[in-house]
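Peer 1: Before anything else, here's the structure in question.
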Amino acid sequence: MTTTASTFTGEGRRTGAPVVSFEHVSKSYGAVKAVADLDLQLYPGETVALLGPNGAGKSSTLDLLLGLRAPDAGRVELFGTTPQRAIEQGKIGAVLQSGGLMEEVKVRELVKLACDLHPRAYPVEQVLEQAGLTEIADRMVNKLSGGQEQRVRFALATAGANELIVLDEPTTGMDVTARQTFWTTMRDQARQGRAILFATHYLEEADAIADRVIVLHRGRVLADGSAAEIKARAGARRIVFDLDGHIGEGALRELPFLAALEISGRTVRIQSHDADATVHALYGLGLYPRNLEVAGLGLEQAFIAITDAATAEEAAR
Amino acid sequence: MNTLIKLEVIRTLRNKKFMFFSVLYPAALYLLIAGGASETELVKGTHLTLPLLMMVSMASFGAITAVLVGQSERIAKEREKGWVRQLRLTALPGRGYVTAKVASAAVVSLPSIVVVFVVAAAVKHVRFDAAWQWIALTFAIWAGSIVFAALGVAIGYLATGDAVRPITMIIYFGLSALGGLWFPTASFPSWVQKIIEWVPTHAYAALGQAIEQGNAPHLKDVSILVGYLVIFAGAAAWLYRRDTQKA
Ligand SMILES: Nc1ncnc2c1ncn2[C@@H]1O[C@H](COP(=O)(O)OP(=O)(O)OP(=O)(O)O)[C@@H](O)[C@H]1O
Ligand SMILES: [Mg+2]
């Protein structure tokens, strides 16, 4: 993706009544605890990314949010009412991970249906255009490719003016152009003050678009903050340098605040909880690192660091 | 909501295999059963011929099968594919969905009834004393089939995947047998007959029987059917909204 960094600032958000509110919500499937005591509030205008490894409970959380499943315990509210009421009022647009499409109908017919059912619908042609469906509007829905189907889902979710847009892995299967138009549209929606919540495995999407990132793991919230905060929260920074001559791995392992070490050829990559102290000690060893780079972790590395730490902690218990 | 009804009807018509089968097989079955029967000899205890009696039976039977089995299976499949989950995220109320499904079922059952009638008239020379009986029969059997379409929608919501077909069949056979469509109920104990009067298939068959004898349908049978329609459609709408199972 060639999207520029998010232009959204945190200013002014979290004002007013929450759009979404989870209070101590739990949901199990037999022995599997998909959502565990979740507390979560989303506010108008927020763009929130929901991250987490497979099976973390992202889809389950969204299902609960949309009233497609009932929680075992706790309460889910949208716009201060039940999910069902909010949906009936046409306040929510959603793309589901497991949402099927009506068969034996044309793309245009299906999009027209979504528009007709929406209390504040946009014109059909505009919705088709926005989802990149104009050219394939007369095809049968069951004859589409995976990415095209995904565009149709997107069209269904944006058939009218919603106040909250919920997307479960919305860009899976989309090509680069489709993705870009997709996020451009979503940015537009966010600018108009709509709340957007999306689950994704594309961390660069989360980094570029979300002004708030929530990391889920085994049904719990591991981290909740801006992308920058999450990266910082992972605690580590990345140090990369080259070494000439013999590389004493043993000595490097002894460096203070070391979180990870990787040596490939002449290049040494280190993750450190205190980069300043580590670099200082590095010189203390009498080494002369060349091409030294110290940088923060990318969201992806931060994400891995956070979830790995949680898994290790659970294993230790 | 009108768009949904229109779309449901269109896609049913587009499903050629389903239409072909549902529309033609009651007529085929009719020829199989009544094809060799005498056109003049009266069935014992009635003043009607077998081809005429079978025409009404087959039209009713075909209409019920098409709407009950057809709807429950199609809906169960749609739920499995996740379309219903997606649809539940629109502002469409539950009754809108049920209405659309029932309407699309009616589109299938009407031609299946007409085809049986045309075949009976053309091949077995079935005639009525008055022309209004044809119209009234078509309408009564068609309108009555809507009750079972609503039941089909409700079953589609109750059962999932592989269970739909057996469940539909059990309900279908149970209703047919209890309704006295298969064996004469005159030999049953009177308390059983009292119950049978309230079975929807019995009321449905009684509509046709009244008209084929040149009478108007009994108000009681019509009321019973309307009552069941309200119950089934209400149950279907409720199940649609309540459906928090994934499948
Ligand atoms: N219908 C179900 N029946 C039983 N278990 C389920 C069901 N749906 C989900 N689960 C389990 O609940 C847990 C959370 O699943 P969920 O689909 O919410 O994960 P996810 O974060 O969306 O994962 P992914 O990234 O793979 O989409 C998983 O362990 C999954 O196996
Ligand atoms: Mg998921």
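Peer 1: Find all pairs meeting these conditions: Cβ atoms under 7 angstrom apart; at least six residues apart or on different chains; first residue within the range A:48-72 and within 14 Å of another protein chain (Cβ to nearest Cβ) and of a type outside the set (Phe, Trp, Tyr); second residue assigned to a helix (DSSP H, G or I) and open to solvent by 30 Å² or more (accessible area, probe 1.4 Å).
Peer 2: A:67/A:84
Peer 1: Which ones in the range B:84-100 are part of a helix (DSSP H, G or I) and either at the interface with chain A (Cβ under 7 Å from one of its Cβ atoms) or in contact with a strand residue (DSSP E or B) (Cβ under 8 Å, 6 or more places away or on another chain) (or both)?
Peer 2: Passing the criteria: B:85, B:86.
Peer 1: Just to be sure, is residue A:37 within 14 Å of chain B (Cβ to nearest Cβ) and at pLDDT 90 or above? Before the answer, list the steps.
Peer 2: Working: within 14 Å of chain B (Cβ to nearest Cβ): no; at pLDDT 90 or above: yes.
It is false that residue A:37 is within 14 Å of chain B (Cβ to nearest Cβ) and at pLDDT 90 or above.
Peer 1: Of the residues A:255, A:261, only one is assigned to a loop (DSSP other than H, G, I, E, B), away from ligand 1 (no atom under 16 Å from the Cβ) and touching a Leu at 6+ places or on another chain (Cβ under 8 Å); which? First the steps, then the outcome.
Peer 2: On the way: A:261 fails: assigned to a loop (DSSP other than H, G, I, E, B).
Exactly one of A:255, A:261 is assigned to a loop (DSSP other than H, G, I, E, B), away from ligand 1 (no atom under 16 Å from the Cβ) and touching a Leu at 6+ places or on another chain (Cβ under 8 Å), namely A:255.
Peer 1: Return the total of residues in the range A:110-120 being touching a residue at least 12 places away in the same chain (Cβ under 8 Å), in contact with a helix residue (DSSP H, G or I) (Cβ under 6 Å, 6 or more places away or on another chain) and under 16 Å from residue A:162 (Cβ atoms).
Peer 2: 3
Peer 1: Can you give me the number of residues within the range B:160-181 that are touching a helix residue (DSSP H, G or I) at 6+ places or on another chain (Cβ under 7 Å) and either surrounded by 12 or more Cβ atoms within 10 Å (Cβ to Cβ) or basic (Lys, Arg) (or both)?
Peer 2: Count: 13.
Peer 1: Within the range A:80-109, how many residues turn out to be more than 10 Å from chain B (Cβ to nearest Cβ), touching a residue at least 24 places away in the same chain (Cβ under 8 Å), of a type outside the set (D, E, K, R) and open to solvent by 50 Å² or more (accessible area, probe 1.4 Å)?
Peer 2: Selection size over the range A:80-109: 1.
Peer 1: So, one more: Could you tell me how many of the residues in the range A:155-181 are more than 20 Å from residue B:85 (Cα to Cα), more than 16 Å from ligand 1 (Cβ to nearest atom), of a type outside the set (Asp, Glu) and out of contact with any Lys or Arg (no Cβ under 8 Å at 6 or more places or on another chain)?
Peer 2: So the answer is 5.
Peer 1: Let me ask another. Report, by residue number, each residue of the range A:289-307 that is modelled with pLDDT of 85 or more, among the polar types (S, T, N, Q) and open to solvent by 30 Å² or more (accessible area, probe 1.4 Å).
Peer 2: Matches in the range A:289-307: A:291 only.
Here is a yes/no grid of residues against (1) more than 16 Å from ligand 1 (Cβ to nearest atom); (2) among the small types (Gly, Ala, Ser); (3) surrounded by fewer than 23 Cβ atoms within 10 Å (Cβ to Cβ):
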{"residue": "A:54", "(1), (2), (3)": "no, no, yes"}
{"residue": "A:60", "(1), (2), (3)": "no, yes, no"}
{"residue": "A:66", "(1), (2), (3)": "no, no, no"}
{"residue": "A:124", "(1), (2), (3)": "yes, no, yes"}
{"residue": "A:145", "(1), (2), (3)": "yes, yes, yes"}
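Peer 1: I'd like the full set of residues that are over 20 Å from the mean Cα position of the chain (by Cα) and either assigned to a helix (DSSP H, G or I) or hydroxyl-bearing (Ser, Thr, Tyr) (or both), limited to the range B:46-76.
Peer 2: Within the range B:46-76, B:46, B:49, B:50, B:51 meet the criteria.
Peer 1: Related question: All but one of (1) open to solvent by 10 Å² or more (accessible area, probe 1.4 Å); (2) free of Cβ contacts under 8 Å to residues at least 60 places away in the same chain hold for residue A:33, so report the exception by its number.
Peer 2: Of everything listed in (1) open to solvent by 10 Å² or more (accessible area, probe 1.4 Å); (2) free of Cβ contacts under 8 Å to residues at least 60 places away in the same chain, residue A:33 misses just condition (2).
Peer 1: Quick check, is residue A:210 on the phi < 0 side of the Ramachandran plot, of a type in the set (A, V, I, L, M, F, W, C) and within 16 Å of ligand 1 (Cβ to nearest atom)?
Peer 2: Spelling it out, it is not the case that residue A:210 is on the phi < 0 side of the Ramachandran plot, of a type in the set (A, V, I, L, M, F, W, C) and within 16 Å of ligand 1 (Cβ to nearest atom).
Peer 1: Mind listing whichever residues of the range A:275-317 are without any contact (Cβ under 8 Å) to a residue 12 or more places away in the chain and not acidic (Asp, Glu)? Please lay out each step first, then the result.
Peer 2: Here is the first cut: in the range A:275-317, the ones without any contact (Cβ under 8 Å) to a residue 12 or more places away in the chain are A:276, A:280, A:283-284, A:286, A:304, A:308-309, A:312-313, A:315-317.
Residues satisfying the conditions are A:280, A:283, A:284, A:286, A:304, A:309, A:312, A:315, A:316, A:317.
Peer 1: Now a separate question. Would you tally the residues in the range A:32-54 being touching a strand residue (DSSP E or B) at 6+ places or on another chain (Cβ under 8 Å) and within 11 Å of ligand 2 (Cβ to nearest atom)?
Peer 2: So the answer is 4.
Peer 1: May I pose another question? Just name the residue that is surrounded by the fewest Cβ atoms within 10 Å (Cβ to Cβ) out of those in the range A:126-143 that are outside any loop (DSSP other than H, G, I, E, B) and of a type in the set (A, V, I, L, M).
Peer 2: Looking at residues that are outside any loop (DSSP other than H, G, I, E, B) and of a type in the set (A, V, I, L, M), I get A:140.
Peer 1: Just the residues that are crowded, with 18+ Cβ neighbours inside 10 Å, facing chain A (nearest Cβ under 7 Å) and among the charged types (D, E, K, R), please, taken from the range B:1-17.
Peer 2: Hit for the range B:1-17 is B:11, nothing else.
Peer 1: Would you be able to say whether some residue in the range A:107-122 is within 16 Å of ligand 1 (Cβ to nearest atom) and not small (Gly, Ala, Ser)?
Peer 2: Checked against the condition, which is being within 16 Å of ligand 1 (Cβ to nearest atom) and not small (Gly, Ala, Ser), the range A:107-122 yields no hits at all.
Peer 1: Would you pick out the residues in the range A:14-29 that are out of contact with any strand residue (DSSP E or B) (no Cβ under 6 Å at 6 or more places or on another chain) and either open to solvent by less than 50 Å² (accessible area, probe 1.4 Å) or part of a strand (DSSP E or B) (or both)?
Peer 2: Answer for the range A:14-29, where residues must be out of contact with any strand residue (DSSP E or B) (no Cβ under 6 Å at 6 or more places or on another chain) and either open to solvent by less than 50 Å² (accessible area, probe 1.4 Å) or part of a strand (DSSP E or B) (or both): A:28, A:29.
Peer 1: Please count how many residues of the range B:67-83 are open to solvent by 10 Å² or more (accessible area, probe 1.4 Å) and away from chain A (no Cβ under 14 Å).
Peer 2: 1
Peer 1: Something else now. Open to solvent by 40 Å² or more (accessible area, probe 1.4 Å), more than 16 Å from ligand 1 (Cβ to nearest atom) and of a type in the set (A, V, I, L, M, F, W, C), is that true of residue A:152?
Peer 2: Details: open to solvent by 40 Å² or more (accessible area, probe 1.4 Å): no; more than 16 Å from ligand 1 (Cβ to nearest atom): yes; of a type in the set (A, V, I, L, M, F, W, C): yes.
Here the answer is no, as residue A:152 does not meet what is asked.
Peer 1: If you go through the range A:166-178 one residue at a time, how many are more than 16 Å from ligand 2 (Cβ to nearest atom) and either within 11 Å of another protein chain (Cβ to nearest Cβ) or surrounded by fewer than 19 Cβ atoms within 10 Å (Cβ to Cβ) (or both)?
Peer 2: The number of residues fulfilling the criteria is 4.
Peer 1: Considering only the range B:95-118, state which residues are under 18 Å from residue B:137 (Cβ atoms), open to solvent by 30 Å² or more (accessible area, probe 1.4 Å) and more than 14 Å from the chain's Cα centre (by Cα).
Peer 2: B:115, B:118
The values are calculated or read from the model by the stated rules, or taken from the named source; none is laboratory data. Everything quoted here is computed from the prediction, not taken from an experiment. Every residue, glycine among them, receives a Cβ derived from its backbone with ideal geometry; neighbour counts consider all protein chains shown. All accessible areas refer to the heavy atoms of the entire protein, side chains included, with ligands and DNA or RNA removed. Shrake-Rupley method; radii C 1.70, N 1.55, O 1.52, S 1.80 Å.
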